[in-house]
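> This is the structure I want to talk about, given as structure tokens.
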Amino acid sequence: MIDLTFSPTFKAGFVSILGKPNAGKSTLMNAILGEKLAIVSHKVQTTRHRIMGIWNEGDTQIVFSDTPGIIEPEYLMHKRMMTQVAGSVKDADVIIFMFDVKDDLKEATAMLEALHLKVPVIVIANKIDTLKTIHEEEIKTAFAAIKQCKSVLFISALQKDATLPLIKTIQEQMPLHPPYYNTDELSDRPMKFFVSEMIREQLYLLLNDELPYHSAVLVEKYEEKNTLTKIVASIIVTRETQKGIVLGKGGEMIKKIGSLSREQIEKFIDRKVFLELHVKVRADWRTKENFLNEYGY
Ligand SMILES: Nc1nc2c(ncn2[C@@H]2O[C@H](COP(=O)(O)OP(=O)(O)OP(=O)(O)O)[C@@H](O)[C@H]2O)c(=O)[nH]1
Ligand SMILES: [Mg+2]
């Protein structure tokens, strides 16, 4: 139910965060919301879904969408990821275009231009903590040449305070509109989704090379018991050899994945969790409609 007691001066709108993989989009959304909604890793293509994070304060509601990094799709799952990006662009009142300040500037402006955006764009040069000198004027001039570009901000998404000027800039662009979601809601996604993401995050953090890219997580059971929440989930991989790696010697790896995921889930839901993990092999799940549908892509 939407709260209808909002004032006529209420502002609300959708803001999509776009950019290359690993730019820091999920880190930024988490910093803005002060809550870890989106998983983060040092690897590219961590985010696979559009995840809404709802920012409420006073007479403003900003519905952020974290999105998968923009890539040239190589298989069906990638195509579905890019469909999520396109959907978030269609809804947006404002776009945040984020790039790593170490990235090639020409490539970054070319990517933004290729998106042919119709709404105001706020450009964020992220990870300023990683460079000694930043050529701010050169970057500003390059983006000023793009019509929709309203401003360029230089931040480090790792620092929470960094998001304050951004919020102010977005607020100026928000249209008068009643809230889209209840003002106490934080996301559009159900708990099961966050649970599967928190397990997937551990795969990105603990497993090397290709494995995270061949994996999906499916929550099979989510039951609230009296004193704890019981969760049964499956880690899906594409080959038997990968199953062996996920299990590890004597089951060491799956134990580690399980206990680290459980810690994260307990922190998130503020309850004790019993987590049971299984590993399943589904060859080519990333290219098969039925599996992608089943796994939420
Ligand atoms: N040094 C530094 N690292 C950052 C900053 N912002 C993000 N990172 C790191 O960059 C890596 C990628 O961050 P993510 O937030 O997962 O990036 P993303 O754009 O969501 O990536 P995809 O989901 O793959 O598209 C992580 O290791 C972050 O900790 C920053 O301002 N400074
Ligand atoms: Mg991400």
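None of the figures in this text is laboratory data; all of them are computed from the coordinates on show. Remember, it's a predicted structure, so these values are computed and weren't measured experimentally. A quick note on method: Cβ atoms are made from the backbone with ideal geometry, for glycine too, and the neighbour counts reach across all protein chains shown.
> What order do you get for Leu131, Leu105 when you list them from fewest to most C-beta neighbours inside 10 Å?
The order, fewest Cβ neighbours first, is Leu131, Leu105.
> Any idea what the dipole of segment 11-173 comes to, in debye rounded to 20, about its Cα centre with Lys/Arg Cβ at +1 and Asp/Glu Cβ at -1?
Working: 20 positive and 19 negative charges, 70 e Å.
Using Cβ point charges on Lys, Arg, Asp and Glu, segment 11-173 gives about 340 debye.
> Identify which of Ala114, Ala144, Ala233 has the largest mean-square fluctuation in a Gaussian network model of the chain, with springs joining Cα atoms closer than 10 Å.
Ala114
> Under the rule a/c < 1.5 gives rounded, and otherwise a/b versus b/c splits prolate from oblate, where does segment 11-173 land using the Cα gyration tensor?
rounded
> While we're on this one: What full-extension length gain, to one decimal in nm, is calculated for Glu294 and Ile134 as 0.36 nm per residue of separation minus the Cα-Cα distance? Write out the running numbers ahead of the final one.
Working: separation 160, 0.36 × 160 = 57.60 nm, distance 4.53 nm.
Length gained between Glu294 and Ile134: 53.1 nm.
> With runs of 4+ DSSP H residues as the only contributors, calculate the mean residue ellipticity of the chain at 222 nm using -39,500 (n - 2.57) per run, divided by the residue total and rounded to the nearest 500.
-10500 deg cm²/dmol
> For segment 160-297, rounded, prolate or oblate, judged on the Cα gyration tensor with a ≥ b ≥ c (square roots of eigenvalues), a/c < 1.5 rounded, else prolate if a/b > b/c?
Since a/c reaches 1.5 and a/b is larger than b/c, the shape of segment 160-297 is classed as prolate.
> Next question. For the pair Lys280 and Asn226, what calculated FRET efficiency results from E = 1/(1 + (r/R0)^6), where r is the Cβ-Cβ distance and R0 = 22 Å, to the nearest 0.05?
0.15
> If you don't mind, there's one more thing I want to ask. Taking the number of other C-beta atoms within 10 Å as the exposure measure, put Glu223, Glu201, Glu172 in order starting with the fewest. Could the numbers behind the result be given before it?
Working: Glu223 10, Glu201 23, Glu172 13.
Listing Glu223, Glu201, Glu172 from fewest to most nearby Cβ atoms yields Glu223, Glu172, Glu201.
> Quick one: helix 252-269 against the long Cα principal axis of the chain, what's the angle to the nearest 10°, folded into 0 to 90?
50 degrees
> What is segment 109-206 by shape, rounded, prolate or oblate, if you read a ≥ b ≥ c off the alpha carbon gyration tensor as root eigenvalues and call it rounded for a/c under 1.5, prolate for a/b larger than b/c, and oblate otherwise? If you can, show how the numbers build up before the last one.
Values: a/c = 1.91, a/b = 1.29, b/c = 1.47.
It is oblate, given that a/c is not under 1.5 and a/b is not larger than b/c.
> Okay, moving on. Between Glu35 and Tyr213, what is the label-to-label distance in nm when each label sits 7 Å out along the Cα-to-Cβ direction?
Simple spin-label model gives 3.3 nm for this pair.
> Hey, what angle do you get for helix 191-206 against the long axis of the chain, alpha-carbon based, 0 to 90 degrees rounded to 10?
On a 0 to 90 degree scale, this one is about 80.
> Using unit Cβ charges (K, R positive; D, E negative) and no other charged atoms, how large, in debye to the nearest 20, is the dipole of the chain about its Cα centre?
Values: 39 positive and 39 negative charges, 150 e Å.
The calculation lands at about 720 debye.
> Treat the count of other C-beta atoms within 10 Å as a stand-in for reagent exposure and order Asp188, Asp66, Asp129 from fewest to most. Please list the in-between numbers first.
On the way: Asp188 15, Asp66 26, Asp129 12.
Ascending Cβ contact count within 10 Å gives the list Asp129, Asp188, Asp66.
> Once both axes come from the Cα atoms, what is the angle between helix 164-173 and the longest principal axis of the chain, in degrees from 0 to 90, rounded to 10?
60 degrees
> Net charge near Leu292: determine it from the other residues with C-beta under 11 Å of the C-beta of Leu292, scoring Lys and Arg +1 and Asp and Glu -1.
For residues surrounding Leu292, the net value is +3.
> Projecting each Cα onto the charge dipole of the chain (Lys/Arg +1, Asp/Glu -1 at the beta carbon, about the Cα centre), which of Gln45, Tyr295, Val119 comes out farthest on the positive side?
Toward the positive end, the furthest listed residue is Tyr295.
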